[in-house]
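Scroll down for the structure; my scribbles are underneath it.
The values are calculated or read from the model by the stated rules, or taken from the named source; none is laboratory data. As the structure is a prediction and not an experimental result, all values here were calculated from the model. Methodologically, a virtual Cβ is constructed for each residue, glycine included, from the backbone with ideal geometry; neighbour enumeration extends over all protein chains shown. Protein only, heavy atoms only, side chains kept; ligands, DNA and RNA dropped before computing areas. Shrake-Rupley method; radii C 1.70, N 1.55, O 1.52, S 1.80 Å.
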Amino acid sequence: NLPRTRHCNTMDTSLPSTTSLPRRNWIILALILLIGGALRGYALTHGTGDHPDELHIVSHALRLSWTKLNPERFAYGSLVYYILRAGIGVSELFGFSESSGEAGYIIGRSIALVCALVITLLTWLLAYRTYQDYRIALGAAGFFLFNMFSLQVSHYYTSDILLTVWGMSIFVCAERLV
C-alpha cells in the first residue's frame, strides 16, 4: 500500500482565520510589517530627484491635468503617471499644495511604501497557501521585507514596485486556480 498523497487541488487555499493561526504569528507578521514600513519610510524626503526614473515619472505626472491626460511618455507605461497624479489630487483635497516639486516625490514614495507592504502580505499569503506552514510564510515575508534590493526599489517611486504588486497579485490568483 502506497501512502495517500495530497494533490494540489485538494489543498485548503482559503485565507487563514484569526482562530486557525496562533496569535503570536499575527503579532510577528504585524511586527515584520511595522519594521519594514519604518525602514522604507525612513528619510522619505532624502535624495528627491536622485533616481532618474523617479525624476522622469514625477516630472511628467505633475504636467498631467484634466484637460491633458496624455503623459506623452510611455517608457514605463501610463498607469504609474496616473496613480501618482491621482495621489497628488487627493493630497490637494486635504489642503496640501503641489507647488513644491518635492510633494510629488513624497506622495510617490508613500505609494511605493504602501505597495511594498502589500507585496509583503501577498508574499506571506502565497507562501502560506503553497506550504500550509505559517513559519515558512513568515520567513518569506521577512525575507522580502528585509531584502536590500526590495528596500532600495521601494524607496523610490518607479514602475518596478507597481509591477511587482501586479505580478504578485497574479501569482496569488493563479495559485488559487491550481
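Restricting the search to region 71-80, which residues are modelled with pLDDT of 85 or more and open to solvent by 40 Å² or more (accessible area, probe 1.4 Å)? It would help to see each step written out before you state the result.
Taking region 71-80 first, the residues modelled with pLDDT of 85 or more are 78-80.
Hit for region 71-80 is Leu79, nothing else.
Report the residue count in region 44-62 for those that are more than 16 Å from Ser91 (Cα to Cα) and not in a loop (DSSP other than H, G, I, E, B). Spell out how you get there, then give the answer.
Within region 44-62, the subset more than 16 Å from Ser91 (Cα to Cα) is 44-57, 59-60.
The next check asks that each one be not in a loop (DSSP other than H, G, I, E, B); those that pass are 52-57, 59-60.
Result for region 44-62: 8.
The set of residues in region 127-151 that are closer than 14 Å to Leu29 by Cβ, touching a helix residue (DSSP H, G or I) at 6+ places or on another chain (Cβ under 6 Å) and not β-branched (Val, Ile, Thr) comprises Ala127, Tyr128, Tyr134, Ala137, Leu138, Ala140, Ala141, Gly142, Phe144, Leu145.
Rundown of residues vs (1) within 12 Å of Arg40 (Cβ to Cβ); (2) modelled with pLDDT of 95 or more; (3) part of a helix (DSSP H, G or I), yes/no style:
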site: Ser100; (1), (2), (3): no, no, no
site: Tyr105; (1), (2), (3): no, no, yes
site: Arg109; (1), (2), (3): yes, no, yes
site: Leu145; (1), (2), (3): yes, no, yes
site: Leu151; (1), (2), (3): yes, no, yes
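Conditions (1) touching a Gly at 6+ places or on another chain (Cβ under 7 Å); (2) closer than 24 Å to Leu79 by Cβ; (3) surrounded by 14 or more Cβ atoms within 10 Å (Cβ to Cβ), marked per residue:
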{"position": "Arg109", "(1), (2), (3)": "no, yes, yes"}
{"position": "Leu117", "(1), (2), (3)": "yes, yes, yes"}
{"position": "Ala140", "(1), (2), (3)": "no, no, yes"}
{"position": "Trp166", "(1), (2), (3)": "no, yes, no"}
{"position": "Val178", "(1), (2), (3)": "no, no, no"}
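Does region 116-134 include one or more residues that are closer than 24 Å to Gly87 by Cβ and touching a His at 6+ places or on another chain (Cβ under 8 Å)? No, every residue in region 116-134 fails to be closer than 24 Å to Gly87 by Cβ and touching a His at 6+ places or on another chain (Cβ under 8 Å). What's the total number of residues in region 34-52 that are of a type outside the set (Gly, Ala, Ser), touching a Phe, Trp or Tyr at 6+ places or on another chain (Cβ under 9 Å) and modelled with pLDDT of 80 or more? Count: 6.
Name the pairs: first residue in region 110-121 and touching a residue at least 40 places away in the same chain (Cβ under 8 Å), second residue hydroxyl-bearing (Ser, Thr, Tyr) and open to solvent by less than 20 Å² (accessible area, probe 1.4 Å), Cβ to Cβ under 7 Å, at least 6 apart or on different chains? Sorted first by the residue in region 110-121, then by its partner, the pairs are Ile111/Tyr157; Ala112/Ser154; Ala112/Tyr157; Leu113/Ser154; Cys115/Ser154; Ala116/Ser150; Ala116/Ser154. Check Ile83 against each of (1) at pLDDT below 90; (2) surrounded by 11 or more Cβ atoms within 10 Å (Cβ to Cβ); (3) β-branched (Val, Ile, Thr) and name the one condition it does not meet. Condition (1) is where Ile83 drops out. Scanning region 158-178 for residues that are farther than 12 Å from Cys115 by Cβ, aliphatic (A, V, I, L, M) and free of Cβ contacts under 8 Å to residues at least 60 places away in the same chain yields Ile170, Val172, Ala174, Leu177. Residue count for region 122-138, restricted to those that are open to solvent by less than 30 Å² (accessible area, probe 1.4 Å) and of a type in the set (S, T, N, Q): 1. Residues in region 122-157 that are farther than 28 Å from Arg23 by Cα and touching a residue at least 60 places away in the same chain (Cβ under 8 Å): Ser154, His155, Tyr156, Tyr157.
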